[in-house]
Structure formats: C-alpha cells, structure tokens
Amino acid sequence: MLKKAKYTLTAVLMVSALMLSACGNGTNEVQHEVSKELKSSVKQTSATENLQDIIAPHKELNQEPVPVEFERDGKDVFVTMTAQITDIEIDKNYNYKAWTFNGEAPGPLVVVNEGDTIHFTLENKDPAIPHSMDFHAVHTAPDKNFADVAPNEDGTFSYKASNPGVFMYHCGTAPVLQHIANGMHGVIIVKPNDGYPTDNEVDKEYVVIQNEWYKYNDLEDMTNDVPSQVVFSTKALHEGQPNTNGTVSAVKDEPLLANAGDKVRIYINNVGPNEVSSFHVVGTMFDDVYIDGNPANHYKGMQTVMLPASGGAVVEFTVKEEGEYPFVTHQFNHATKGAVGLIKVTKGE
C-alpha cells in the first residue's frame, strides 16, 4: 500500500517559521582553446563564511549522498529519492551547503519509458524544511501529487509518464526559486516507445545539464541579480560514464569521450532556474535535433539550440576529426562563469 505524507499543525507552523528565517538575509574573453583556463571576475565567497545565511538546523549538517532506488515491474516503476543537505564544492575552495536530492546537485538521473506509471517516494531527511517533487514529465494535479513532505517524513505519489522527452524535475515547495537555486533540480528522461528515427546512426550518447548558482541561500540575489556561476554537469546514462555535480569545470575535468567519425547524441536540459541557454558544440553542427526530446519535434542542420529555463532537447552531431571539442552556452558571459564542457575525440580502433 502506498504511503502518504504525514503532517501535523505544529510541524507545519514550525517549518514555516524556519523557512521565513531562511529567506532573507575586467571578465576574460572565453577562448575556444579549452587548454586556456576560463576565469571569472565574480567574487566568490565560501558558504562557510556566511553562516548567518545557513539556518540553524543546517549549520552542522552534511548528509552523505544516498543512491537513488529504482525498481521496475512491467510498466510500473518505483523510484525512491531523498531530500537532504549536502556540502558541494562548486568551485575551488567554494563550498556550498546545498539543498539536494540524494546529495547531488543536479539530482540523480531518472530514466523511464513512455507509458510507464511512476510510483515516486520522497524521503525528507531535512530536519527543518518541507520539500516536494515536481516532475515536468507527467500530467497530474499538483496539489495532490506534488505535495510537500514534512521534515523527517516520507510521501509516495503516483502518475503516468505519457509523453516522451527530456524533462526537468525540481522541488516545488514555496518559495520555489529558493529551493531550485539551492540545488534541488534534476532531469528525467522519458524514452519514446518507437525510439528516435536516428537511433541506428548513434555511436555514443550522454546526458548534460546546465544550472546556475547564486549567493548562498540569498533569495534577494536569486530574484534580482545575476548568477555567480553557470555550470554544466553530466549524469551517467550508461555504466562507466562520469556522474558529476554542477561545478565549475566538471565536464572539462571529466570530458565526454568519442571516436573520430562517431555520431554523438546528447540529452541536454537547462534547469536554470532563471537564465536561458544557447547550447553549441564548437567545431561541428547539429545533424538532428529533437526539441524537448520529443521525436515529433525534429529539426536538422542547426548551429545552436535555444533552451529556456527548464527546456530540454536531444541533439546529435558528428565529430569527424580527432581533437578536443568544447561545448558552451553561447551566452558567453555565462560560459566565462563556468559553462564550458569538453568532448575528447580520439582515433579509436
């Protein structure tokens, strides 16, 4: 029998008060040669130096990442995730006490099939604040199935993934911006039943996510100012692939790999929370693009794909020669703040 989130009036009042206390308180030109380090003129301050912005129950909290639980029974998939507080070093010597799913930011990759029914359980390990899950991949009543789960409680919800695509998920608890910007975001892929028309042409496939970071837990900055870091991460779609957090240089330090002549597919999503992404791979162009990852939205021969906040796509391109192929958001002020990844292409066998 599916569990339901349990609430008491006392708990709701307590967490509401804590939430209120948590709410207020010469850039270098980007070079296409990845060997040249990108630097930002943005002053970066360690979260540990801003303890006044960390609510009291979080100050000594650094919960170890917990693997996502995933089980399939026919067309029913059972997914269990945690809401938790985990320190993430988003840049050198810059630790962020992130609000996360499973200790990752972005959270773990979720992959299901078109037509699956998702039975989702959220275990809220945050001792102070309620959290929730909003899957963009489903049709459901938000007040029923995206409901808050109280601190130290769990809730289970069910819905059907009826459309294929590359979708954002995020915490939907108010203020939503604060929860997303503090790290509670990720990607769910719903694989089309009939696949993509180009499936038999693809040699390598990866998942890439773009997100932003702001001053630690500063809702005013998240609302009215520009991000201090804009970054890429990659989540392992297949065994042996890198699985990173959204940190400066993450996908340069652990580049995506391909062989010369490969057709590469990237499932890309811009989880924001605020900025647009103009996704571009230097040294090639997109042979095939499926906007939002839906096979019905098929475009060809594109140089750059515009991704609104929460927008996704499947992009496919051919790397014809050996070398290093950077990928960026062509909003170059954001690339300068960290949104650069790397595809390393070798001769292969």
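Points worth noting:
- Of the helices (runs of 4 or more DSSP H) lying entirely inside the stretch 138-243, those containing at least 1 residues that are within 17 Å of Phe101 (Cβ to Cβ) and in contact with a helix residue (DSSP H, G or I) (Cβ under 9 Å, 6 or more places away or on another chain) are 176-181.
- Counting the residues of the stretch 101-122 that are within 23 Å of Ser233 (Cβ to Cβ) and surrounded by fewer than 19 Cβ atoms within 10 Å (Cβ to Cβ) gives 1.
- The one condition in (1) modelled with pLDDT of 95 or more; (2) acidic (Asp, Glu); (3) more than 21 Å from Tyr267 (Cβ to Cβ) that Glu104 fails to fulfil: (3)
- The lone exception for Glu275 - which of (1) of a type in the set (D, E, K, R); (2) over 23 Å from Phe332 (Cβ atoms); (3) touching a helix residue (DSSP H, G or I) at 6+ places or on another chain (Cβ under 8 Å) it fails: (2)
- Count - residues of the stretch 108-139 that are under 19 Å from Lys191 (Cα atoms) and of a type outside the set (Asp, Glu): 16
- Taken over the stretch 247-278, the criterion of being charged (D, E, K, R), in a strand (DSSP E or B) and surrounded by fewer than 20 Cβ atoms within 10 Å (Cβ to Cβ) is satisfied by Lys263 alone.
- Matching residues in the stretch 279-333 - criterion: being crowded, with 19+ Cβ neighbours inside 10 Å, out of contact with any His (no Cβ under 9 Å at 6 or more places or on another chain) and either outside the structural domain of Phe232 (by TED's automatic domain parsing) or closer than 18 Å to Pro255 by Cβ (or both): Val281, Val315, Phe317, Val319, Tyr325
The values are calculated or read from the model by the stated rules, or taken from the named source; none is laboratory data. Quick caveat, the model's predicted, so the values are computed rather than measured. FYI the Cβ positions are ideal-geometry reconstructions off the backbone, even for glycines, and counts take in every protein chain you see.
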